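K.L.:
Attaching a single structure in structure tokens format; questions to follow.
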């Protein structure tokens, strides 16, 4: 029997990244010249790339990238990284936004919305905005809506935010029912 030799292709690399030590050099340059005018920045960049110590590091990094398959212009890649990415990047870490607590709508309100959507809005082929306005104008639902708004206000929402939450929930329910 003949042996089948499988050749494994290395996955294509779409983004050739500089080594971390080289990125540190680029970051240092970018931070030192963050507020330079473009002409001054470019002149200082030319001076930095002509420095004997930096030339050795650039050649070493270029060799590493070429060995991994990079075929582009190294000087262009470095300049664009420093000028358009590192220079404009803020040195401070951003604090992640604190998620607000989820406030839910009562089951009675959701049931009332679903009933209205299934019995009136979808059979009459209403747009979601018109269906919502129709739902809000029904006298039987006004008490339920008032109670729901008061409940949401008690859960630390403003009246406007509570009404917007009811509206958004209605339109989401409409979308879900319409999909089925």
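K.L.:
Of (1) within 35 Å of the chain's Cα centre (by Cα); (2) assigned to a helix (DSSP H, G or I); (3) free of Cβ contacts under 8 Å to residues at least 12 places away in the same chain, residue 162 satisfies all except one. Which?
P.N.:
Of everything listed in (1) within 35 Å of the chain's Cα centre (by Cα); (2) assigned to a helix (DSSP H, G or I); (3) free of Cβ contacts under 8 Å to residues at least 12 places away in the same chain, residue 162 misses just condition (3).
K.L.:
If you don't mind, there's one more thing I want to ask. Name every residue in the range 57-69 that is farther than 17 Å from residue 20 by Cα and surrounded by 11 or more Cβ atoms within 10 Å (Cβ to Cβ), in order of residue number.
P.N.:
none
K.L.:
Here is a follow-up. Limited to the range 111-128, what total is found for residues that are loosely packed, with under 15 Cβ neighbours inside 10 Å and touching a residue at least 24 places away in the same chain (Cβ under 8 Å)? Before you say what the answer is, go through the steps one by one.
P.N.:
Kept after step one, since they are loosely packed, with under 15 Cβ neighbours inside 10 Å, are these residues of the range 111-128: 111, 115, 118-120, 123-125, 127.
In the following step, the residues that additionally are touching a residue at least 24 places away in the same chain (Cβ under 8 Å) were identified as 118.
Number satisfying all stated conditions: 1.
K.L.:
Take residues that are at pLDDT 90 or above, under 28 Å from the mean Cα position of the chain (by Cα) and assigned by TED's automatic domain parsing to the domain that holds residue 34 and tell me which of the helices (runs of 4 or more DSSP H) falling wholly in the range 58-142 contain 2 or more.
P.N.:
Those helices (runs of 4 or more DSSP H) span 74-80.
The values are calculated or read from the model by the stated rules, or taken from the named source; none is laboratory data. The model shown is predicted, which means the values in this text are computed figures rather than measured ones. Ideal geometry is used to build each Cβ from the backbone, glycine not excepted, and the neighbour counts take in all protein chains shown.
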